[in-house]
There are 2 protein chains.
Amino acid sequence: MATPPTKQSGFDIDLGNQCSATAYNWAKRTFQNRDGKAGELSRDLEGGFSNLMIFGEQRLGIGSDGIGTKVELAERTKIYHTLGFDLLAMVVDDLIASGFVPTSVSNILDVDVLDHDTVDQLMRGLHDAANFCQVAVTGGEIAELGSRIGGWGDEGMHFNWCSTAIGVLHPSLEKPISGRTVKVGDKILAIKSRGFRSNGFSAIRRSMQAKFGDNWHEQSDEQTGKSWGETLLSPSLICAPAIVKCLDAGVVPKGIAHITGGGLADNLRRVLKHSGLGALMNDLFAPHHSMTQLQEWGELSNEQAYLYWNMGHAMIAILDNDQIEKAQSVLSDTDYETKVIGHIIAEKSIHLHVPDSTDVLTLNY
Amino acid sequence: MATPPTKQSGFDIDLGNQCSATAYNWAKRTFQNRDGKAGELSRDLEGGFSNLMIFGEQRLGIGSDGIGTKVELAERTKIYHTLGFDLLAMVVDDLIASGFVPTSVSNILDVDVLDHDTVDQLMRGLHDAANFCQVAVTGGEIAELGSRIGGWGDEGMHFNWCSTAIGVLHPSLEKPISGRTVKVGDKILAIKSRGFRSNGFSAIRRSMQAKFGDNWHEQSDEQTGKSWGETLLSPSLICAPAIVKCLDAGVVPKGIAHITGGGLADNLRRVLKHSGLGALMNDLFAPHHSMTQLQEWGELSNEQAYLYWNMGHAMIAILDNDQIEKAQSVLSDTDYETKVIGHIIAEKSIHLHVPDSTDVLTLNY
């Protein structure tokens, strides 16, 4: 990982970053529209914007995301009621990573043609996921877009699904969690993932296609006794309730990385850039069997696998050494599995010790 | 309009309503997740939910929508910087129709492959529209979805674009504007539209295709001297600032209908159902030349044209008789063109007098 690949999952990351930067530059020039009014965007100490909207005494955050091409797994398996967990995980876990307790989500479902039963299953899953993380689904929109929407196979409803969530800054926080107060020696606590989340599905498809050809989802996964389609569809674990429980108990992470596209190193780097420090992660969770298997079938290097996929980690939190025990105690009566996977170092780079291997992946920045 | 067609623009409205109802039924079962907590959903006097989220002293609204298949006009004309006005009009004008002053918007752009220049133009337009209606673009997401996104022609970036907006209930309001207090004799004030908004584009395409074949957008529109593609792409007028200006001046509409899919009658019906009253609209704005022309080319009846398209009306507000003069005075130094187009009647039906015609369209309910 000395030089991370510039192409991820067939897409051009550099162009993606360039487009995101352009979008942000235009957006930034609208922020002053709310100066001194409801919805004012808060500036942090350095004069930058801190992702915080101020409504009177209320401090709110907002975030949007979708489940990308994971939808194809639902189309292949005809299982639709789990995607709601993926959709909410993407948006609410981004919010809690900044300390916003998610409260409300809106969703937009773009379809080619409507199928009532599929919509019913999707919305049931969204309901289940919303109840899991205690948010209200405040509304949404279903848009019939005909041939503007594509997908796998000729049958069934094809769709893309995205969501916007809002949340309130946890009352114990003065400002959003940013990573600014991270110091050398702080510990990195990981929440174990349940499998793939909503990222890296282009690489997943390439690996499966290379091994089994077109109908790869029907192949049997010997380890689980399910089809590989079902294994790969496994719903994302929503981590927000775990972090809320910690915050409620007075355990305040200094930085949190939601492990999405870019994997452990790149998502942690975004948190560490605010302190200028680095990290050594030398006791990682073992990757799920699906990940090691697909890494082998797709002939991916460890660098690639740890860039595309979460490799066992849904979220990581940086905590003061003396808060680790309390955090683990708070979460001990939940289903979340946690582990200290490393610590913060002075050197400005991230080192990953690949489990059951002598490989150490290093990201310098 | 005695029996409105059940198929609109080629889509099945009944199935659409059924899917929306199913989605709402699942969503409703998540509302209690916020009872007594930040983001609580307010119940109205009848025990129903009033589209209002409560955060401490703050009363917020949220809404999501997209620009549907109007995107095709941008793909045909390669003009991308006006769609931001359509996107914001859809979401902020829904919010203001309930009395929420829009403050913040998030957007999600789903693309097949990225093109930086196109993204730049789209985001510039979003910036222009956000400045027009004084909201902040708080963030967004650009998702590369490959073949899951389709569109017109083989070249360029194809995309679907949606947005979620939040707003604060105007301080002069005790609760959202709902139409409950509408009474017989109240006046209906309309804000004139600029042309088509983001609805009815399937019918538009059918009319143009029937008249000119595949490359209909290149045909010259003699009335404007532009191409028909440009005429049909004309950006939506965002009405929220007009209503905010009224509310700030103490002019409080009792009900507001944002004229979207379903046209004047169906959107007004949704507002009137809360009072059980009807309306006579006997002095409508004349439809834009593009609408009468496409109605002729597509051989649409008046019933169809007034169901699919806004026919000159972007938004209508129901006002007490003695507030009409003040409303028009407040808006007299703006670019908004308004007119009293009718009034509220006791009979539970809506009558539209088609301008320059003896046709009266009636919607009973």
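The values are calculated or read from the model by the stated rules, or taken from the named source; none is laboratory data. Note that the coordinates shown come from a computational prediction; the quantities given were computed from them, not determined experimentally. Every residue, glycine among them, receives a Cβ derived from its backbone with ideal geometry; neighbour counts consider all protein chains shown.
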Original post:
Within the range B:117-130, which residues are within 19 Å of the chain's Cα centre (by Cα) and surrounded by fewer than 24 Cβ atoms within 10 Å (Cβ to Cβ)?
Top reply: B:Gly125, B:Asp128
Subject >> B:Leu73 being more than 7 Å from every other protein chain (Cβ to nearest Cβ), within 25 Å of A:Gln18 (Cβ to Cβ) and either buried (at least 24 other Cβ atoms within 10 Å of the Cβ) or small (Gly, Ala, Ser) (or both) >> reply: no
Subject >> Enumeration of residues in the range B:201-228 that are in contact with a Ser or Thr (Cβ under 6 Å, 6 or more places away or on another chain) and closer than 23 Å to A:Ala143 by Cα >> reply: B:Phe201, B:Ser202, B:Ala203
Subject >> Answer residue from the range A:97-116, given it is over 20 Å from B:Ile108 (Cβ atoms) and surrounded by 22 or more Cβ atoms within 10 Å (Cβ to Cβ) and is nearest to the other protein chains (Cβ to nearest Cβ) among those >> reply: A:Val101
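With respect to A:Val168, determine if the residue is over 18 Å from A:His81 (Cα atoms) and within 7 Å of chain B (Cβ to nearest Cβ).
Details: over 18 Å from A:His81 (Cα atoms): yes; within 7 Å of chain B (Cβ to nearest Cβ): yes.
Judged against the criteria, A:Val168 is a match.
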Original post:
Taking the range B:117-152, which residues are more than 7 Å from chain A (Cβ to nearest Cβ) and either aromatic (Phe, Trp, Tyr) or closer than 30 Å to B:Lys245 by Cβ (or both)?
Top reply: B:Gln121, B:Leu122, B:Gly125, B:Asp128, B:Ala129, B:Phe132, B:Cys133, B:Trp152
Original post:
On the given criteria, is A:Asp44 outside the structural domain of A:Asn302 (by TED's automatic domain parsing), in contact with a Pro (Cβ under 9 Å, 6 or more places away or on another chain) and at pLDDT 95 or above?
Top reply: no
Subject >> Scan of the range A:348-363 for residues that are among the charged types (D, E, K, R) and surrounded by fewer than 13 Cβ atoms within 10 Å (Cβ to Cβ), ordered by number >> reply: A:Asp356
**OP:** Out of A:Asp266, A:Asp335, report the one residue that is charged (D, E, K, R), buried (at least 21 other Cβ atoms within 10 Å of the Cβ) and either modelled with pLDDT under 95 or within 19 Å of A:Cys239 (Cβ to Cβ) (or both).
**Re:** A:Asp266
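So, restricting to helices (runs of 4 or more DSSP H) that lie completely within the range B:197-303, which ones have at least 1 residues that are over 18 Å from B:Thr82 (Cβ atoms)? Reasoning before the result, please.
Working: elements: B:201-212, B:228-233, B:240-248, B:263-272, B:289-297.
In the range B:197-303, the matching helices (runs of 4 or more DSSP H) lie at B:201-212, B:240-248, B:263-272, B:289-297.
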